[in-house]
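Structure, as structure tokens:
The values are calculated or read from the model by the stated rules, or taken from the named source; none is laboratory data. Keep in mind that this is a model prediction, so the values were computed, not measured. A quick note on method: Cβ atoms are made from the backbone with ideal geometry, for glycine too, and the neighbour counts reach across all protein chains shown. Each accessible area value is taken on the protein alone, full model and side chains, heavy atoms only, with ligands, DNA and RNA left out. Shrake-Rupley method; radii C 1.70, N 1.55, O 1.52, S 1.80 Å.
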Amino acid sequence: MTALNYIYFIILTIYAFYLLNAKRIVVKNPLNREQLLALTGPEALWILLFSTGILSLGARGAIDLSAIRMMSVELFAIVGLLYVSNKPILGFAGSAFIIFLIWAVIGLFYTSSLSFGIRTILKYIYPLLMMLFASAVVRDKEVFYKATIFARGLAIIVFIISFIPYAVSILPVFAYGTALAINFIFMMALSWAMYFFLGKRRIDLLLSLAFLIPCFVWVFRTSIAGSGIALMVFFFFKYKLRSLPIVLFIIIAGVVAVFTIPSLREKMFRDKDVTLEEFQEGKLNQDDVNDNARYMIWDNLKKHQYYGKEAIGSGTGSSQNYMYTAPRKTFGGIKVAHNEFLMILCDLGIIGLILYLLIFFFMIVHCFIVYNRKDYPVSIRLAAITSGGAIAGMIFTMYSDNTILYSMATLGYPFGFYGMMLGLLKTERET
């Protein structure tokens, strides 16, 4: 499989280089299949980079290749920005991201490992580059819809492959199930948006429900909760206070699922025989939850990387370096903390965490404001509700999953969509 991944990587890289330098790429118009659409090289490159983010090419023995692939995509995005005459758009969210990255660079001056610090920044910067490239290159709704259709189409293929035994060994799906489940949060929100905005087609409704299935089948608790939050924010965008019954239903359905789905209940609690009645009577507490040793890891990290330096942390990449260099018995061979907020807190302190959270605050608020402008075109409002809902769900997954580590398959999608929204907004305001 490793050899195949390198072949796939070479093919994708060569094709990306070809698109970057292409004068014109002719494809079918997503809004009218009987017409052709001429894309510029950077537009075609954006569609490729955005839609294939779900392919890390780094599964099972080729982990270093996934890092190389992320770096190659970042380089293509940077060079693509140089090829485009339009200026990228930052907005409040992008400006907050820049400030956070500056703080992360400052963290390199007191980190325990410069190499881990640089690697950490490369993971941080990926969503921003996707946002900036999208905002500069996507100024027409046809390009937006083409990227949307390609991205979801590939996600559907990966969805199918993930349930076929041994298929993963042939095709380069993102083998980490947690990353796939988080990616499907975005695809679920996108499918709901397409259902409401593009004619309430049955296929969109079915897909919005189908993308919920993996997190339940694979029993990924964090992704289940993240999907629920994404749905709640999505419907709050759409119905505002009238969404409260829907929000309440999602919460109740989530609680009932925990206690009625045997596999989920067994993974959630140490005692597999806990009941909903015990929860209702307040007899359950944190000690009853099966944390898979997370609390032990988190307590150790806080003790060695956070306490005593709460304001600024131990330096960018320090916590990752500590986990890699600590004796095996310390974490039992585990190399990641499964808590991105804690990693930021340990590396960059309270200041860093606040700066990071501000990115998402500005992004969600902006998406909410844009969505509620009824005079804006469907493409812009679709991008706004999808980005806002999906990113809200992904924020939650950062509490106990490695969402930033999997940025290509996770954060890159809502930030890319947000960037396309910014580009379309620029066109709308200039016409």
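Using C-alpha pairs under 8 Å with a sequence gap of at least 6, the mean separation divided by the residue count of the stretch 1-430 gives a relative contact order of 25 percent.
Would you mind getting the accessible area per residue of the stretch 1-430, heavy atoms of the protein chains only, 1.4 Å probe, in Å²?
Ligands and nucleic acids excluded, the figure is 44 Å² per residue.
Only one of [x] 1.16; [y] 0.99; [z] 0.96 was calculated from the structure for Rg/Rh (Cα atoms, Kirkwood Rh), and its label is [z]. When the Cα positions of Phe17, Ile160, Met131 are compared along the charge dipole of the stretch 1-430, Phe17 comes out farthest toward the positive end, with charges on each C-beta of Lys, Arg, Asp and Glu. Per-residue Karplus couplings for the stretch 228-234, computed as 6.51 cos²θ - 1.76 cosθ + 1.60 with θ equal to phi - 60°, are listed in order as x, 5, 4, 5, 5, 5, 4 Hz, Gly and Pro entered as x. Within the accessible surface of the stretch 1-430, defined with a 1.4 Å probe on protein heavy atoms only, the carbon and sulfur portion equals 66 percent. Residues Leu48, Leu114, Leu405, Leu65, ordered by accessible area of protein heavy atoms at a 1.4 angstrom probe radius and largest first, appear as Leu114, Leu405, Leu48, Leu65. Amide H contacts of Leu39: Ile25, Val26, Val27, each under 5 Å away and 5 or more positions distant or on a separate chain (H built 1.01 Å from N in the peptide plane; Pro and chain starts excluded). Database remark: amide H of Asp401 closer than 5 angstrom to the amide H of Glu340 (H placed geometrically; neighbours at sequence offset of 5 or more, or on other chains; Pro and chain starts carry no H). Separation of the stretch 65-137 and the stretch 204-267 by C-alpha centroid, Å? Each part reduced to its Cα centre gives a spacing of 32 Å. Across the stretch 139-262, Cα pairs under 8 Å and at least six residues apart give a relative contact order of 17 percent. In loop segments of the stretch 295-362 as defined by DSSP, the chymotrypsin sites (Phe, Trp or Tyr not before Pro) with at most 14 further C-beta atoms inside 10 Å of their C-beta are Tyr307. The residues neighbouring Ser379, those whose beta-carbon lies less than 12 Å from its own, together hold a net charge of +1 under the Lys/Arg +1, Asp/Glu -1 convention.
Exceedance of the 28 Å cut-off in Cα-Cα distance is limited, within the set Lys23/Lys374; Lys28/Lys123; Lys23/Lys87, to Lys23/Lys374; Lys28/Lys123.
Based on alpha-carbon centroids, what's the gap between the stretch 370-431 and the stretch 304-351 in Å, whole number please? For the stretch 370-431 versus the stretch 304-351, the Cα centre distance is 29 Å. About its Cα centre, the chain has a charge dipole of approximately 840 debye under the convention of +1 per Lys or Arg Cβ and -1 per Asp or Glu Cβ, with nothing else charged.
Placing +1 on the Cβ of every Lys and Arg and -1 on the Cβ of every Asp and Glu, with nothing else charged, gives the stretch 314-383 a dipole about its Cα centre of roughly 180 debye. Sequence-ordered 3J(HN,Hα) estimates for the stretch 106-113 from the Karplus curve with 6.51, -1.76 and 1.60 and θ = phi - 60° stand at 4, x, 5, 7, 10, 6, 7, 8 Hz, glycine and proline given as x. Neighbours of Leu122 by Cβ distance under 12 Å: Lys/Arg scored +1, Asp/Glu scored -1, total +2.
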